[in-house]
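To start, the structure under review is shown below, and the notes come after it.
The values are calculated or read from the model by the stated rules, or taken from the named source; none is laboratory data. Predicted, not measured: the structure shown is a model, and the values here were computed from it. When we count neighbours, we look across all protein chains shown, and the Cβ atoms used for this are built from the backbone with ideal geometry, even at glycine. Please note that ligands, DNA and RNA were not included when accessible areas were found on the heavy atoms of the full protein model with its side chains. Shrake-Rupley method; radii C 1.70, N 1.55, O 1.52, S 1.80 Å.
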Amino acid sequence: MTTIVLADDEVLLRTALAALLPIEGDITVLAEASDGRSAVAATLQHRPDVLVIDLEMPGVDGLGAVAEIRRTLPEQVILMLTRHARPGVLRKALKLGVQGFVSKSAEPAHITSVIAALHAGRRWIDPDVSARAVTEDNPLTDREADVLRVTGEGYSVTDIAARLHLAPGTVRNYLSNAMRKTQTRTRHEAARYAREHDWL
């Protein structure tokens, strides 16, 4: 018996999976969640064997919820559902320790078998998800991404330098590199471009 918490903001899909997964395999749905915030609460409360979570949800998205859960439950097994893994998302999810990635269009029987594999300690990334995720690579270094992330929050160069413990000149260098790589004129445009391409 594998216990799961199911988090997806699409009511139809979530209720269908909640009904079908226990029929397809030895699965018990402990709780359902419709957004990232309630996914965190349900996971911390129920401690499922596997958290099945949608990547894109309102408010706190799937990655944000996973990051929060990891702070309390570093060993939580996580299967992420996605309609389109944009470049950078897969890498970010793997960095957070997500063990499985499955397309939302997958058959319930397939999702059930992946849940069982993850519960047994294995990893799984659907081939079509990984193929889409590597079609465009992120040219930004980790430090350039850090600087753009803080820029997007509206901080000045001096504030960014203080927050990241860098010299202002170093921050300017990272910003000019990022602007060149994104072919934008301002750091705010660069931050917006990077976010749209899911590089942050």
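For the range 147-200, the percent of C-alpha pairs falling in each 5 Å distance bin, counted from 0 to the bin holding the largest distance, reads 4, 25, 33, 24, 12, 2.
For the chain, a crude dipole built from +1 on the beta carbon of Lys and Arg and -1 on the beta carbon of Asp and Glu, taken about the Cα centre, is about 900 debye to the nearest 20. In plain terms, the C-alpha convex hull of the range 1-150 casts an average shadow of 8.6 nm² when viewed from every direction. Using the 1.4 Å probe convention, the accessible area of the range 94-179 works out to 51 Å² per residue with neighbouring protein chains retained. Here the contact order of the chain, divided by its residue count and restricted to Cα pairs under 8 Å and six or more residues apart, works out to 17 percent.
Taking only protein heavy atoms and a 1.4 Å probe, the accessible area of the range 69-200 is 52% carbon and sulfur.
The packing ranking, built from the mean of other Cβ atoms within 10 Å per residue, places the peptides 138-148, 8-18 in the order 138-148, 8-18, highest first. Here, the range 17-98 has an Rg and a Dmax of 12.4, 34 Å when only alpha carbons are counted.
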